[in-house]
Amino acid sequence: METTEMKGKWNELKGKLKQKYADLTDDDLLYVEGKEDELYGKIQQRVGKTKEEVKKMIEEL
């Protein structure tokens, strides 16, 4: 998913991620433009998946 596409749909994606992974907090899912790698890292730590798995998981939502 491209950065602009993710930015535009982030609120919707954030809600779906929180439903699927209850361990994720608002702080974990704070989207800051230019810090996508940090966001992926936080999600990785919480759900125990690789960066590629996290990206795929977000794209499939």
Please enumerate the residues belonging to the range 28-45 that are within 9 Å of the chain's Cα centre (by Cα) and within 19 Å of GLY8 (Cβ to Cβ).
LEU29, LEU30, TYR31, GLU36, LEU39, TYR40, ILE43
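Residue-by-condition table, conditions (1) surrounded by 11 or more Cβ atoms within 10 Å (Cβ to Cβ); (2) part of a loop (DSSP other than H, G, I, E, B); (3) free of Cβ contacts under 8 Å to residues at least 12 places away in the same chain:
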position	(1), (2), (3)
GLY8	yes, no, yes
LEU13	yes, no, no
ALA22	no, yes, yes
ASP28	yes, yes, no
GLU33	no, yes, no
LEU39	yes, no, yes
Within the range 41-61, count every residue that is free of Cβ contacts under 8 Å to residues at least 24 places away in the same chain, touching a helix residue (DSSP H, G or I) at 6+ places or on another chain (Cβ under 9 Å) and not in a helix (DSSP H, G or I).
2
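Every number in this text was worked out from the coordinates using simple rules, so none of it is lab data. Quick caveat, the model's predicted, so the values are computed rather than measured. Quick reminder, even Gly has a Cβ in these numbers, built from the backbone with ideal geometry, and neighbours come from all protein chains shown.
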